[in-house]
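What follows draws every value from the coordinates through simple rules; no lab data is involved. Computed from a predicted model, the values in this text were never measured in an experiment. Here Cβ is always computed from backbone atoms with ideal geometry, including for glycine, and neighbour counts include all displayed protein chains.
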Amino acid sequence: MSKFETLGLDKPLLDAISDLGFETPSEVQEKSIPILLEQETDLVALAQTGTGKTAAFGFPMIQKIQAESRTTQGLILSPTRELCLQITNELKLYSKYVKGLNTVAIYGGASITDQARQIKRGAQIVVATPGRMKDMIGRGMVDISKIDYCVLDEADEMLNMGFYEDIKDILSNTPEEKFTWLFSATMPKEVGSIAKKFMRKPVEITVGTKNAGVSTVQHEYYLVGGRDRYPALKRLADANPGIFSVIFCRTKRDTQRVAEKLIEDGYNAGALHGDLSQNQRDLVMNSFRKKQVQMLVATDVAARGIDVDDITHVINYQLPDEIETYTHRSGRTGRAGKSGISMVIVTRSETRKIKAIEKKIKQDFISKKIPTGIEICEIQLYHLANRIKETEVNTEIDNYLPAINDVLDGLDREELIKKIVSVEFTRFYNYYSKTRDLNSTEGSRDRGERGSKSDAPSNGSVRYFINVGERDGYDWMSLKDFLRETLNLEKEDVFNVDTKDSFSFFNSDAQHTEFILQTFTEFKVNGRFINVEVSKDPGGARKGRNRDRKRGHRKGGDGGYRKGGDTKSFRGGKKGGSGRRGGKKKPGFY
Ligand code: ADP
Ligand code: MG
C-alpha cells in the first residue's frame, strides 16, 4: 500500500498517482494534503523548488472541486508562462480519472480569444499568470467571482517580478469567503505581508529549514581571475561531457554575450532572457527540453519558469546579489530525487559571499580546481572511448564495408583504435595541451595563474603612461582599482599611481610589462580606446623577455578550440569584465 492512501485521497487520484509512478509522498505533500483535505483553511507552505508543491496543492484541489459543475472553482496564479503550462499539464495528469474536470491555462504571448474560448467551454480550474489574468478579467472573459480556492504558487517569484499590484487586483475580483493557499520557496518580508493582507490565520508549513537548499545538490566553487570566467566556464563544460546545465548571469547583456560566445565556440548553447520575444524563448526552451541545447544561459528572472528535471549542473557564471537568489538557482538541479551540482565561478574578492551562502543554505561548499588542459584531455579521451563503445552501429555501413576494409587493410586493432580516437581527440589535444592553469590561489600572493614565477625574475619596476585621467572621473585610487581589476593584479602590483587631467602614470613590476602592454592593445571601454605605454620617465624597464611565449598561449588560450583557437572572443570578455565595476567611483566614460 502506498503511503498516498493514508493521506485521505480518493481512488481516481490514487490511480493517477500510481500511473505517474509516485511511490511515496514528498514531505510538503505529506504535510499539506491532509490539512487541505480535512480543513477549510488558508495555508502558507514553504518548500524548495523541486519538492513536489504542485501535487501538494493540486491533489486536494482536484479532490475538493465539484467536477459536475462547470463553474470556475479554483484559481492558481503562477509567475511565468512556463510554470503555468507545467502546472496545467501536471494537473491534467493528476485528474485523468476525474470525469468532467477541466483545467485551462491562461498566459501572455498566446491568443487571448483561444484562451477565452477554452474558459467558456467550462474550466473548473484556471491556471494563470497575473498579467494575462488581469487582462481577461478586464475584458470579462473569465469569471472568478465564485472560486473556493486560490493558490499563489511561487509567491516569492511573483512578487520579485513585480506582480503585487496585479495580484491585489485579481484577488479583489474573488469572493471574501474563499481559501488561499500560498506556496513559496522562500519567505521574504513581502511574502509575509501578502499572507497578512490576504489571508486569515493561515496554517503554516515549513519543509526542511527555511530557505535551505536542496540536500541532493553539491555546491562547488572555483576561484579564478576576473578575466578568466569565460575560459573557466568552457573548461567546466569540457570536463563534464554529458553536461545539461543552466548557466546564470546577472544581466541580460552578459547572458546574451556568454551564450553567443559559447555558440561561436561550438557548444550547444542558448540564451534565455527578457529581451527575447516569447517566440524566441519558446524555441530555446523547447530545444533545451529536448536536450538539443546543453547549456542554457539565463537571467534569474527568465529562468524562473524552468522546470526541467535532469539538469546536471547549475553554473553560477556570476554570483547573484541576493543570497536567496542563489537558492533558487541551485534548486534548478537535484530535482525529483536526482543529484545535481551547483558550481560557482568566483574571484578572490567574492569568496566572502560563499561564506554567507554556506550559512544560509547550511551546507558547505567544496573548493575545487578548474581542470587543467591535460585533465580535460583525459576526460574527453575516456568519454570518446565510451561513446564509441556505446554507439549503435549504423547498418547502412555494411554496404561500404568491403571498400572501407580495402582502405584500412593492414592496420591492426591497436593501430586502428589509436587512429579512430585521434580523429576526434587530436583537435582537443592540440588546443588544450598548451593552456595555462586558470586557478587563482586563495589568500596567498602566489599568483598561480601567471604560471611562470620561477622563470620570470623581478627586474624592478616599470613606469607606464595611460591616456585616462581626472577628466575621465579617476582619482589615483579608482584608477588603481581599475588597473588591478582589468589586469587581475594584486593591490601591491600596481603602485605610484599618479593622475593628471587627461592622462596618468602608474608603476608595476617589470615582469608584468609584456602582459600589461598586451592587455591594453586595442583595448576599448565604451567605444573609447585606452592606451598604455611604457613611460619615457626615468625608472624605465627592461622587458621580461621570456613572457612572450606564455602570453601568446594566454591570449589564444581558451578562445575556442572548436574553431581553432579564435582569440577575438576572449578580448570581448575582457571588455565586458572591466565594464562592470560595482558602482563606486565610476569613471566618467562608463
Ligand atoms: P515544485 O513545484 O516544488 O518545484 P514540482 O511540483 O514541480 O515541484 O515537482 C517536481 C517534480 O517531482 C515533478 O516532475 C513531479 O512530477 C515530481 N514529483 C512530485 N511529487 C512526487 C512524488 N511524490 N514522487 C515522485 N516524484 C514526484
Ligand atoms: Mg512549483
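Checked against a 23 Å cut-off, the cross-linked pairs 261/355; 99/146; 290/418; 3/31; 234/434 give Cα-Cα distances beyond that limit for 261/355; 290/418. On the basis of the beta-carbon distance and an R0 of 60 Å, residue 322 and residue 427 show a calculated FRET efficiency of 0.90.
Over all alpha-carbon pairs in the chain, figure out the percentage whose distance exceeds 42 Å. More than 42 Å apart: 37 percent of the Cα pairs in the chain. If a/c stays under 1.5 just call it rounded; otherwise compare a/b with b/c (prolate if a/b is bigger, oblate if not). Do that for the range 88-240, with a ≥ b ≥ c from the square roots of the Cα gyration tensor eigenvalues. Since a/c reaches 1.5 and a/b is larger than b/c, the shape of the range 88-240 is classed as prolate. Taking a ≥ b ≥ c as the square roots of the eigenvalues of the Cα gyration tensor, an a/c ratio below 1.5 marks the range 74-177 as rounded. Take 496-508, 191-203 and order them by the average number of nearby Cβ atoms within 10 Å per residue, most first; the result is 496-508, 191-203. Available extension along the chain between residue 67 and residue 413 is 117.8 nm, counting 0.36 nm per residue and deducting the alpha carbon span. Of the DSSP beta bridges with both residues in the chain, give the percent that are antiparallel, rounding to the nearest 5. Counting only bridges with both partners in the chain, antiparallel ones make up about 25 percent. What is the distance in Å between the Cα centroid of the range 362-418 and that of the range 214-251? Going from one Cα centre to the other spans 24 Å. The calculated FRET efficiency for the pair residue 20 and residue 467, based on their C-beta separation and a Förster distance of 56 Å, comes to about 0.30. For the range 50-146, applying the loop criterion from DSSP together with a ceiling of 15 other beta carbons within 10 Å to the GluC sites (Glu not before Pro) yields 68. How would the range 320-380 be classified by its alpha-carbon gyration tensor: rounded, prolate or oblate, with rounded meaning a/c under 1.5 and the a/b versus b/c comparison settling the rest? It is oblate, given that a/c is not under 1.5 and a/b is not larger than b/c.
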